[in-house]
Amino acid sequence: MHSSDLVLSWPAPAADWTEAAPVGNGRIGAMVFGGAGRSRIQINDSTVWSGTPGGPAAALAALRAQGAGPQRLEEVRAALRAGDQDTAESLLMTFEGPYTQEYLPYADLYLTVTGGERAAYHGRTLDLDTAVAEDGFGLDGTAVRRRVWADAVTGGLCTTLDAAGGTVDLSVELCTPLREVLRTVAVDGITLGIEIPVDGAPAHEPEVAEPLYYADGPVDGYDPFGALALTLHTDGTTTLDDEGGLLVTGATHVLLTLASSTAADRHWRGTPAVDRAAHLGAARAVAARAAAQGADRLLKDHEADVRGLLGTTSLRIGPRRSGTYDVARDILGGGDELLTATVLFQLGRHLLATASRPHTGPPANLQGIWNADLRPAWSSNYTININTQMNYWGAEAVGLGACHEPLFDLLDRMASQGAQVARQLYGARGWVAHHNTDPWGWALPVGMGHGNPSWALWMMGGAWLSQHLWDHYDFTRDPDFLRERAWPLLSGCAEFLLDWLVDDGTGHLDTLPSTSPENLFLADGTPRSLTRSATMDLALIRATFERTLKAAELLGLDTPLTGEIRAALPRLRPLPVSAAGRLQEWAEDHTEADPHHRHLSHLSAVHPLGLVDPDTTPELAAAARRSMDRRGPGAMGWSWSWKIVLRAWLRDAATARSLFLEAARPLDGDSAVDAPVDGSRWGGLLPNLFSTHPPFQIDGNYGLMAAVAEMVLQSHTGTLHLLPALPAQWADGEARDLRCRGGLAVDFAWTGGALTGATVRRLTGDAAETVRIRHRDDETGLRLPAGHQIELDAALRPRGEPVPC
């Protein structure tokens, strides 16, 4: 640990999962409980999901067999045009398939130190700069130190135990909550063969007869199997116990390395399937190779890797960043909001860097990569009407653009499945996605025929996720990414949207049917969901079209598609403003069934799409503020985060801070009891600082990270706007290597709420493009070659010429 590290501490072992410390490498995630006696490390593998590759296609075929398709869609549209909501809803619900699959727990590793019940526990820590969890205790004059980390260099989970002044005895147990079909135990390790369910129903579908269903063999050539191997090196003596575990005696040093090999991982990476013996061998080989390097080398390489990813960017609000902080006293105690903001910013970075790494597995889901429940809330899947997007809102700005890549891998799979859904259900080109997805590329509506259309029948999931492609390009200015990854997905999404639009007979193009997730409006006193051209639809379609055109221009493309988009754009309805001066949620000025609804779908036009801004569209910005005022404060983690970012983009620093303080307080209530989804019971932070409603959803943590970043730096208007929404109470601070659109990075500091100076670097991009920087009423423009930087004073005046970085 370096003296500059930010470290969280807890004085006691975790008594519950919500107190444990998360580590991960993008593939393996672990919740570390600590403790001197029987200590638990709960393990996940990001590829361990229920389901099979053929599941989405089979579900689509079943819907088509039941009559869902383009002809029925026209019947839905005719009913809506005739004002027959009941018929339209009944018909449209026949488009609902079953549920997406579940992210599942994988294993538990228990280490029991003999006599640990009488040890003096010294506490546990999590270093947010190295992603290492550590604890220690004293036992009969022997000082014991244990460290746990998930190593992206070797791909394994590493645990070390070191004793000074004596030796320790311990037992090692490895077990799984899934179906164990093989166990091999030798003095140097344990290997498990694990079968994974081929279907898993979410907890909110209680009528499913068998919520976790195992097959008796391969399904359509896919074998749902995983191998988990643990290798043990020690200077003590190892023997086998009678329960399939290991006993270590007389040890001063123990190194445990754990690795996984799954059929789902090979499918995700597009590599040929192998048999079970090959999986078992592969897991053993990875674990053994890691152990052979020794603990010191493993830890050194791990820390170098993590610091290389996390170490360039930092943010300090107030005077403190480095140090060890007691979570209950220093963070949840509420005594220093500046430290809390600093910690939650870095915690979000830690959680993203440990849950989402390139070439390791699927992206961060509703719980990142940490889940201990066989039926987790909302299946711990990808909910793509806000939650998955929020996971990655801050990735680029906080220097973790590489962590964005697994999301693009998921988009590739969704687009492949979504092309079939678009064609067969809607008679459209391109690709579509709805409310949920999973690593199998699920693109159908979900709901099993009884899900409310307000969330289940929403056709804009792909349009919203596609914005991340443009954002990654805009931050990196990587033309190869734009050409090879972004363009095929953006253009395919635009094709679907063109075909989804219908002429309203007056020259406008509408979306029909349309919903505003997940809110309802009142029609003759009855809550309804289906309408035309919800504001979120209009905003997403406009943003997709404009960005697709810009991408085509940058790539030198002039295709029939670009001509269609140019013809369609002027026919989209403008964003509607109500008679009361609020940005409307629907095309008509409907009354919301819940005026304080947790979703702010129509305000996606502000953030993240940037179609509404106080400088470029002041009247719409004022209307957006009025809409936010009507929504009010509070709810749950992700909704707070969204509200904070929106207030920051509207430059309402005081309200952004007030919302932040609400979101950063400890949960008041039982985290084991899920709160109503209506927001009537507010959420908060758990003892390990996970954000919860409850249930726990990690999007709140990622959203708070993004929100804090947007309060101190914005670049969505094409200008580097320094301290655009800084609360008066956050008077002093420093940012280093925050990233900006245009291939730029910036360091800056402030005192008394005012900028003291900045350094701007062009990492990539066009040297001929003017870099515009703004702080308060000061604004400047300059040219900056790639690989060069320039220092600016408090008034944004250059302190010399650009120099190489």
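Please treat every number below as a calculation from the coordinates, not as lab data. What you are looking at is a predicted structure, and each value in this text was computed from that prediction instead of being measured. Cβ sites come from the backbone with ideal geometry, for glycine too, and all protein chains shown count toward neighbours.
Counting charges near P608 (Lys, Arg +1; Asp, Glu -1) among other residues having Cβ under 15 Å from its Cβ returns a value of -2. Each 10 Å bin from 0 upward holds the following percent of the Cα-Cα pairs of region 719-804: 18, 55, 23, 4.
Calculate the length of the line joining the C-alpha centroid of region 144-186 to that of region 398-420, in whole Å. That distance is 33 Å. Look at the alpha carbon pairs under 8 Å that are at least 6 residues apart: their mean separation over the length of region 719-804 gives a relative contact order of 25 percent.
Note on E553 and H122: the extension gain reaches 149.1 nm, defined as 0.36 nm multiplied by sequence separation minus the Cα-Cα distance.
Along the Cα→Cβ direction, 7 angstrom out, place labels at A285 and A143. What is the inter-label distance in nm? Going by the 7 Å Cα→Cβ label model, 4.1 nm. With Cα atoms defining each centre, region 592-618 and region 752-776 are spaced 27 Å apart in the structure. Work out the FRET efficiency for A749 and E484 from their Cβ-Cβ distance, taking R0 = 45 Å, and round it to the nearest 0.05. FRET efficiency, A749 to E484: 0.70. Projecting the Cα atoms of T764, C740, T780 onto the charge dipole of region 719-804, computed from C-beta unit charges around the Cα centre, puts T764 farthest toward the positive end.
Seen against the Cα atoms of the chain and their longest principal axis, helix 618-631 is set at about 60 degrees. Under the simplified labelling scheme, the R665-Q71 pair shows an inter-label distance of 5.8 nm, with each label point 7 Å from Cα along Cα→Cβ. With the convex hull of the Cα atoms taken as the outline of region 9-123, the averaged projected area works out to 12.0 nm². Stretching D524 away from S680 to a fully extended chain increases their span by 53.7 nm, per 0.36 nm per residue minus the current alpha-carbon distance. For the chain, the share of alpha carbon pairs falling in successive 10 Å distance bins from zero is 3, 14, 23, 26, 20, 11, 4, 1, 0 percent. Remark: V144, V219, V606 ranked as V219, V144, V606, counting other beta-carbon atoms within 10 Å and listing the fewest first. When only alpha carbons are used to place a centre, region 625-640 and region 648-703 end up 12 Å from one another.
Find the percent of Cα-Cα distances in region 574-647 that exceed 14 Å, and round it to a whole number. Here the tail beyond 14 Å accounts for 56 percent of pairs.
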